[in-house]
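> My questions all concern the structure below.
The values are calculated or read from the model by the stated rules, or taken from the named source; none is laboratory data. Just so it is clear, the structure is predicted and the values come from calculations on it, not from any experiment. Virtual Cβ from ideal backbone geometry, glycine too; neighbours counted across all protein chains shown.
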Amino acid sequence: MIVFKDVSKNYKNVTVLKNISFTIEDGDLVCLIGESGCGKTTTLKMINKLLLPTSGEITINRQNIKNINDIKLRRKMGYVIQQTGLFSHMTIRENIEIIAKIEHMPEEKRKKRVREMMEMVDLNENLLDRYPNELSGGQLQRIGIARAFMTDPKIILMDEPFSALDPMSRTSLQDELLKLQRKFHKTIVFVTHDMDEAIKLADKIAIMDQGELIQYDTPENILKHPANDFVEDFVGHKRIWNSPEFIKVKDIMITRPITCKEEDSKFYCINKMRMSKVDSLMVVNDEKELLGILYAESLRLKNKKANGIKDYIEKDIVSVKENDSIVDLAKIIKDTKSATIPVIDRKNHLTGLITRSSLITALSQQFVEEDD
C-alpha cells in the first residue's frame, strides 16, 4: 500500500504539488491524469525518490520512504517510461536482465526468467540477441514491460509508456497490460494524458490540476459523479456513453414497478393495469420475492372461468441484476426479444424493472443532452 499524506513540492517559488493525500491499495492499477504541468509525473517520481517532497510524507507498507535506501527502493520497483529507457549498446537480453544481474540472480534462473518474460509479453526469443534500434516501437515497449517485471517487483511505475505509439500498437499494449494485471495483480501507478486510456486500464483514477488532486475515484464514479465542473469538462460531458459498460441496470431501471399478489383476482389486476397505464404486473409474495409476470394480453386471450390469476402467470422469465451493464442488458433484450425484464437481487427479491421503452429513453438521453 502506497500512501501520500499532505505531500507538497516546491521549486524555488513555484508550487508543483499542493498538499495531496491519497492511498493506492495493493494490487490496484491507478492512473494519474491531468493537463501538462499538473504534477502527475512529479507525483510518480516521488514514489521511487527520483524527486523528494518539500513537505508531507510518502509511505509504502507503513514505512516512510525517506528512511529507505534510494537504490534498494528503486531496485524493488519496475519502471517503464515513454521512450522505454533501454540501453542502445546492450542487447535485448542484457537490457531485460540488467537489474537481475546486479542483484546476483543465478545465471540459469536468470536465463529462464528472461525466456518467461519474452513469452509473457508475446515476443519471440530470437529477438534477445538483437539491439534496440533493430526493433519497432511496440516491440521496444514490450521489452520495457518485460524488464520491469523481470525481478517480480510488487510495485511498477509507468510514465506515459504508450503515448508515442501508433493507435493499433497502443491498443494492443493496453490489452496486454490488462491481461498481465489480471494474472499478476501488481500495484501499478500509470501516468497518462489520455482519459480513454485511464478509463480502460484503471481501478482508480487521480485527476490533477495545477498541483492539486481534484478527484480520486473509480472510473465509473468519476464518469457518473464528477466532483466539479473542471472534472466534468476534463472527462467530457457525455463520455459515459463511450463506456456503456459503466452504465448499470440500477442507473436506468424503474425503481417502483407495479406489482400484484398471486391471490389477487383477475378483475383487481386488470383494473390495476388500467389505472397504472401498464400492460403487465410483477407477481410477488409478501417478502417481495419475484414469482413471475402477469401480462394483460394473457388475461384477454386465455379463456378460463377461474377468477384467480395463478394460471395466467408467466414463470419462465428472464431477469437481470442491478449491477449488470446496459451492454449485457441490450444483448438479453436482443436475444430473448423480451419487452419487460424484472431486476432482482441475489435472493430473488424484486428491486426494479426494465422495459424496452425505459431502455430506449435512457439511451436517447445522450442526444437530448446534446440538443440542450
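> Please indicate, with yes or no, whether at least one residue in the range 56-70 is touching a Leu at 6+ places or on another chain (Cβ under 8 Å) and not in a strand (DSSP E or B).
Yes: the range 56-70 contains one or more residues that are touching a Leu at 6+ places or on another chain (Cβ under 8 Å) and not in a strand (DSSP E or B).
> Scan 152, 122 and give me the residue that is within 24 Å of residue 30 (Cβ to Cβ) and in the same structural domain as residue 46 (by TED's automatic domain parsing). Spell out the reasoning first.
Numbers: 122 fails: within 24 Å of residue 30 (Cβ to Cβ).
That would be 152, the only listed residue that is within 24 Å of residue 30 (Cβ to Cβ) and in the same structural domain as residue 46 (by TED's automatic domain parsing).
> I've got another one for you. Just wondering, is there one or more residues in the range 219-228 that are outside the structural domain of residue 353 (by TED's automatic domain parsing), buried (at least 16 other Cβ atoms within 10 Å of the Cβ) and not in a helix (DSSP H, G or I)?
yes
> Can you name the residue in the range 161-204 that is small (Gly, Ala, Ser) and surrounded by fewer than 17 Cβ atoms within 10 Å (Cβ to Cβ) and, of all such residues, is farthest from residue 38 (Cα to Cα)?
Looking only at the range 161-204, we keep the residues that are small (Gly, Ala, Ser), and these are 163-164, 169, 172, 198, 202.
Of the ones still in play, those that are also surrounded by fewer than 17 Cβ atoms within 10 Å (Cβ to Cβ) are 163-164.
Values: 163: 17, 164: 20 Å.
Selected residue: 164.
> Right, another one. Hey, residue 233 hits all of (1) surrounded by 14 or more Cβ atoms within 10 Å (Cβ to Cβ); (2) of a type outside the set (S, T, N, Q); (3) over 22 Å from residue 352 (Cα atoms) but one; which does it fall short on?
(1)
> For the condition surrounded by fewer than 15 Cβ atoms within 10 Å (Cβ to Cβ) and either modelled with pLDDT under 95 or not in a loop (DSSP other than H, G, I, E, B) (or both), what is the one hit in 15, 23? Show your work before the answer.
Numbers: 15 fails: surrounded by fewer than 15 Cβ atoms within 10 Å (Cβ to Cβ).
Just one listed residue meets the conditions, 23.
> Scanning the range 322-372 for residues that are farther than 21 Å from residue 246 by Cβ and β-branched (Val, Ile, Thr), which turns out modelled with the highest pLDDT?
Of the range 322-372, the ones farther than 21 Å from residue 246 by Cβ are 335-340, 342, 344, 346-350, 353, 355-357, 371-372.
Checking which are β-branched (Val, Ile, Thr) leaves us with 336, 340, 344, 355.
Details: 336: 83, 340: 88, 344: 94, 355: 85.
Applying the filter and picking the extreme gives 344.
> Now a separate question. Restricting attention to the range 124-154, which residues are outside any helix (DSSP H, G or I), surrounded by fewer than 21 Cβ atoms within 10 Å (Cβ to Cβ) and on the phi < 0 side of the Ramachandran plot?
Our first condition is that a residue be outside any helix (DSSP H, G or I); within the range 124-154, this holds for 124, 128-131, 135-136, 150-154.
Pick out the ones that are also surrounded by fewer than 21 Cβ atoms within 10 Å (Cβ to Cβ) and you get 124, 128-131, 135-136, 151-154.
Within the range 124-154, 124, 128, 129, 130, 131, 135, 136, 151, 153, 154 qualify.
> Given (1) touching a residue at least 40 places away in the same chain (Cβ under 8 Å); (2) within 29 Å of the chain's Cα centre (by Cα), where does residue 54 come up short, assuming only one miss?
(2)
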